[in-house]
1. Mind telling me which of the residues Val56, Val35, Val17, Val42 ends up being more than 30 Å from Arg100 (Cα to Cα) and either surrounded by 11 or more Cβ atoms within 10 Å (Cβ to Cβ) or modelled with pLDDT under 75 (or both)?
2. Looking at (1) farther than 20 Å from Val446 by Cα; (2) within 29 Å of the chain's Cα centre (by Cα); (3) of a type in the set (Val, Ile, Thr); (4) at pLDDT below 95, which one does Thr254 not meet, given that it meets all the others?
3. For Asp295, which of the numbered conditions (1) of a type outside the set (A, V, I, L, M, F, W, C); (2) assigned by TED's automatic domain parsing to the domain that holds Ala429; (3) at pLDDT 95 or above; (4) under 30 Å from Pro185 (Cβ atoms) fails to hold?
4. Phe143 versus (1) part of a loop (DSSP other than H, G, I, E, B); (2) under 27 Å from Ser246 (Cα atoms): which is the lone unmet condition?
5. For residues that are in contact (Cβ under 8 Å) with a residue 24 or more places away in the chain, over 30 Å from Gly248 (Cβ atoms), assigned to a strand (DSSP E or B) and not β-branched (Val, Ile, Thr), tally how many sit in the stretch 146-172.
6. Return the pair list, or none, for Cβ contacts closer than 7 Å from residues in the stretch 75-93 that are within 21 Å of Asp55 (Cβ to Cβ) to residues that are among the polar types (S, T, N, Q), at least 6 apart or on different chains.
7. Suppose we filter Ser124, Ser116 for residues that are part of a helix (DSSP H, G or I) and modelled with pLDDT under 90; which single one remains?
8. Would you confirm whether any residue within the stretch 424-435 is under 40 Å from the mean Cα position of the chain (by Cα), within 18 Å of Thr305 (Cα to Cα) and β-branched (Val, Ile, Thr)?
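The values are calculated or read from the model by the stated rules, or taken from the named source; none is laboratory data. From a predicted model like this one, the values you see are computed outputs, not experimental measurements. Cβ placement follows ideal geometry from the backbone for every residue including glycine, while neighbour counts extend to all protein chains displayed.
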Amino acid sequence: MFKSKGFKIAVISILSVIMLLVLSYFFAIKINMNVNGDKELVVEANSDYIDKGADVSLSFFGVKTPLEYSCENNVDTTSIGEYSVVYSAKKFGKIKTEERKVIIEDNTPPEIIVSSKTVKVSLSLMPVTSDKINFEFSAIDSFDGDVTANVTKEVDGDILRLVATDGAGNQNVTEVKIEYVDDKPPVISLKGGSLVYVKSGTQYKEIGYSANDNVDGDLTSKVKVTGLPNMSKSGIYVVTYGVTDSAGNTTYATRKVAVYGAGYADAYKTVKPNGKTVYLTFDDGPGPYTAQLLDILKSYNVKATFFVTNQFPKYQNLIGRAYKEGHAIGVHTYTHNWNVYSSLESYIDDFTKMHNLIKEQTGIDTKIFRFPGGANNTVSKKYANGVVSAIANQLTSQGYVYYDWNCDCNDATSASTSRIIENVKRQIANKDHSVVLMHDIKKKTVNAVPAIIEYCLAHGYNLDVITTETPLVQLTIAN
């Protein structure tokens, strides 16, 4: 029994030593963790964030060995805010954690991109405000993207100041130098209008003119006059007035001088404005001679009316040119085939195609048209009875107006150029409003136009275009 007690004491002693050794071993183990770099970082938004990690080791009685660790990283540089990076290591039941705070901020101002370091501003805009300056620029922010709309402009003397602000309140300022320039040409004013009539054989006397410049003031004495008329020869002359200011800006004005009398035309003996109006209208084009006709009209500064077709598609672009040069455009027919009269629906389909082509070429919704063959044509009876009346009723109810003619130059016959001229002169004589039927697809007609224009100008006729307000000239519908 005594031995048994001693044995027990020995066992207990041994166990105590073992336990002490185990505890010593456990407490001798230590996890070391150091966060590399700052434990609190401020990072610019939209930049690349690369974590520096941590140094982690396991030490036992002063002996260190590297230890693997895990890292929980949810940093998103595209979103402003605070994030945590957590490092964790675990070994032999021991756990060690450290944390790094990452703050995402937008501290970068926008970049202002300018097209030039200087901007030219006309003196005519004085006093200059920022809204008067046309200057190209953009502003790009690294976080918000395009912030051009947030840029403010201000003028400070000869400086244009651009201030760009992003959503975080960061600002950038760029200054652009303003160069004030005189780019406005002088203005020439003609006394007596742009058209005068002078009898041949007399002396041409300048009616008068003046010239003024926004910077130089009165420049009348520096005006140069060229192209004076030959008073011994009847015709239409263009007198040109030109002047240049001290900045090199040049302007011109022109006056037409109609010299009339013997040797020009017998009827030119008396030339006085008579208040009558002539409407030159051209059907069936544009065609191969339309460009020539437009050049003629432009040289006389005369406007006409074109009832157009698409029977010559290669010339359809001349519809746009005619409109841009101030001429009136109306619908004639798309195909220029008589079978458009086979039904109301057939005509409207053809009409709509031509109307749409005119709109494509000019951008306008024309409201004037002319029937193929005129409203009184009887050819349509071969296709459908009453069809012209039905067409007129439908289109006029939609706001369209058709115009025929009360003067026919008869160029559809074998009439020569000289006969066409005489036909027009004779037929317009006793009318207040003369709508002249002509065809710009005929060369002889185009060749007759200069003489017709000169006759009208010399006799004081007004040359105008047809609009929906023009006095109606309509033939009696025959079908």
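1. Of the residues listed, the single one that is more than 30 Å from Arg100 (Cα to Cα) and either surrounded by 11 or more Cβ atoms within 10 Å (Cβ to Cβ) or modelled with pLDDT under 75 (or both) is Val17.
2. (2)
3. In the conditions (1) of a type outside the set (A, V, I, L, M, F, W, C); (2) assigned by TED's automatic domain parsing to the domain that holds Ala429; (3) at pLDDT 95 or above; (4) under 30 Å from Pro185 (Cβ atoms), Asp295 misses (3) alone.
4. Exception for Phe143: condition (2).
5. Qualifying residue count, the stretch 146-172: 5.
6. Going by the 7 Å Cβ cut-off, the qualifying pairs are Val85/Asn73; Val86/Thr97; Tyr87/Thr97; Ser88/Ser70; Ser88/Thr97.
7. Going through Ser124, Ser116 in turn, the sole match is Ser124.
8. Yes, there is a match, as at least one residue in the stretch 424-435 is under 40 Å from the mean Cα position of the chain (by Cα), within 18 Å of Thr305 (Cα to Cα) and β-branched (Val, Ile, Thr).
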